[in-house]
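Heads up: the structure comes next, in structure tokens.
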Amino acid sequence: MAKKILIVGGGYAGFYTAWKLEKLLRSGEAEVTIVDPLPYMAYLPFLPEVAAGSIEPRHAVVARRRHLKRTANIAGKVTGISHATKTATITPNTGEVYDFEYDQIVITTGSVSRTFPIPGIADNAIGMKTIEEAVAIRDRMVGNFERAASLPKDSAERARLLTVTVVGGGFAGIESVAELRSFATALLRRYPEITFDETKFHLVEAMGRIMPEVTEGLADWVVKDQTRRGVDIHLDTQLSSGEGGNIELSTGEKYESDLIVWTAGVMPRPFLRGTDLPIGQRGHVVGTPSLRVATEDGDIVEGAWTAGDTSQVPDISSTPGPGGFCVPNAQHAVRQGRLLAKNIVASLRGEGVVEYNHKNQGAVAGLGMNTGVFRSGNFTLKGYIAWLAHRFYHGMAIPTWERKWRVFGGWVGHFFLGRDIVNIEATQQPREIFEEFASRPRPAAD
């Protein structure tokens with residue numbers, strides 16, 4: 001009888017696990033099911049470029065039903081796991097909650113934005129973790145330019161609309177503020193009513209440096225480069241409040257900002273703490289180098305596997321991450337997903353599993369149009385060549401050739417035609433105009 005493999009989460013690690021399993025499993029050897037509320041895997045390194053209008057949103061996601069041809073897809077969430085009985089509780093997007101029995105479970109639920117109880121953030125900020133957030137940021141920026149262009153130059157509201165604040169100085173934060181600054185500079189050509197000096201961009205970072213993944217010298221170069229391009233970088237600074245768009249920093253500085261983008265860290269999905277799987281102090285599923293779930297004492301939990309951002313996997317490479325664990329990034333999620341599939345198949349066939357021991361491929365970041373940074377070991381690049389390396393690396397890294405062609409084709413189109421600046425904010429309230437003019441039945445006569 002075919003074994004049932006349940007993959008919880010269809011992001012990087014989940015998608016690559018299923019994709020590889022389809023290639024490795026023999027006919028009738030196992031049935032693979034993947035559960036995720038969304039029908040696609042989002043390629044997260046492209047989100048800043050989506051927000052800056054350099055990549056079309058649909059090109060930065062991969063439709064699972066198109067590319068996972070032998071995997072059952074369930075649109076919903078796993079809201080409970082009882083591994084003792086090998087049962088998962090599934091809450092579908094539509095329909096009643098039900099239990100799903102499995103033989104092997106793969107926990108690849110990814111991560112969500114980690115925030116702090118700072119006044120105003122939950123109500124006013126927006127993350128950079130989903131394709132929907134990136135699209136909303138892009139539309140908000142263009143919409144704010146449109147609104148600001150019709151306001152008096154000395155208007156406080158105009159200044160507020162043209163001010164962007166990004167919180168977090170890691171790769172996501174730096175790429176976000178750099179791409180948005182580049183996008184704003186490009187928009188100025190279409191909005192002659194607005195000057196460069198009116199557009200304000202702030203990056204707030206609590207640590208004394210940015211981008212810990214690169215050398216200190218390269219990070220300093222990024223600070224100088226972005227400062228020159230019009231970004232105010234606040235190091236050793238915390239956001240004290242963002243209530244009502246009124247920004248207060250720990251240094252005492254205050255200003256108004258209509259768009260607040262939060263990129264200051266991620267965390268595993270909280271529902272995992274309610275399962276009977278071993279969970280680490282920070283909420284991650286405890287794993288081994290072979291990607292099996294295990295207790296913190298090292299006892300293997302049979303039939304349970306984990307990978308990606310949600311996992312606490314020991315980093316046994318020569319350059320281990322902070323705390324001795326693999327850091328939550330795309331490189332690990334993709335490579336762990338592939339190995340996890342191989343280990344599951346080996347386990348089903350009674351063969352030995354392999355430990356995840358990676359070689360760091362380096363770090364690359366796009367910092368707006370035509371500039372970037374690249375680091376691999378002691379070798380570094382910056383500027384235009386690094387930007388080309390960034391685009392080539394990520395263009396080739398997005399899964400499936402179908403998506404690669406769409407991304408590269410979009411870049412070629414933008415090279416000749418420029419970025420599309422159409423604002424479609426109305427898609428967030430698609431029925432508003434229809435409702436305004438729709439005829440309604442007359443009230444019944446008394």
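At a glance:
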| quantity | calculated |
| --- | --- |
| Accessible area expressed per residue, segment 223-287, with surrounding protein chains retained (probe 1.4 Å, Å²) | 49 Å² |
| Length-normalised contact order of segment 58-164 in % [C-alpha pairs under 8 Å, at least 6 apart] | 12 percent |
| Accessible surface of segment 209-362, 1.4 Å probe, proportion on carbon and sulfur as whole % | 46 percent |
| Cβ charges +1 (Lys, Arg) and -1 (Asp, Glu), total dipole of segment 305-385, debye | 240 debye |
| Rounded percent of accessible protein surface that carbon and sulfur make up, segment 114-200, 1.4 Å probe | 55 percent |
| Among 241, 280, 261 the positive-end extreme of the charge dipole of segment 238-282 (Cβ point charges) | 280 |
| Prolate/oblate/rounded label for segment 117-214 (Cα gyration tensor, a/c 1.5) | prolate |
| Relative contact order computed over the chain (Cα-Cα under 8 Å; 6+ residues apart), in percent | 18 percent |
| With all protein chains modelled, accessible area of residue 296 [1.4 Å, Å²] | 120 Å² |
| Rounded to whole Hz, the Karplus (6.51, -1.76, 1.60) HN-Hα couplings of segment 149-158, x for glycine and proline | 4, 9, 9, x, 4, 8, 6, 5, 5, 4 |
| Under 5 Å, built H, 5+ apart or other chain: amide partners of residue 279 | 286 |
| Among 38-50, 428-440, the order from most to least packed when residues are scored by Cβ within 10 Å on average | 38-50, 428-440 |
| Rounded to the nearest 20 debye, dipole of segment 122-196 from Cβ charges on Lys, Arg, Asp, Glu | 220 debye |
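The values are calculated or read from the model by the stated rules, or taken from the named source; none is laboratory data. Since the structure is predicted, the reported quantities are computational estimates derived from the model, not experimental observations. Ideal geometry is used to build each Cβ from the backbone, glycine not excepted, and the neighbour counts take in all protein chains shown. Ligands, DNA and RNA are stripped out before the accessible areas are found, and what is left, the full protein with its side chains, is counted by its heavy atoms. Shrake-Rupley method; radii C 1.70, N 1.55, O 1.52, S 1.80 Å.
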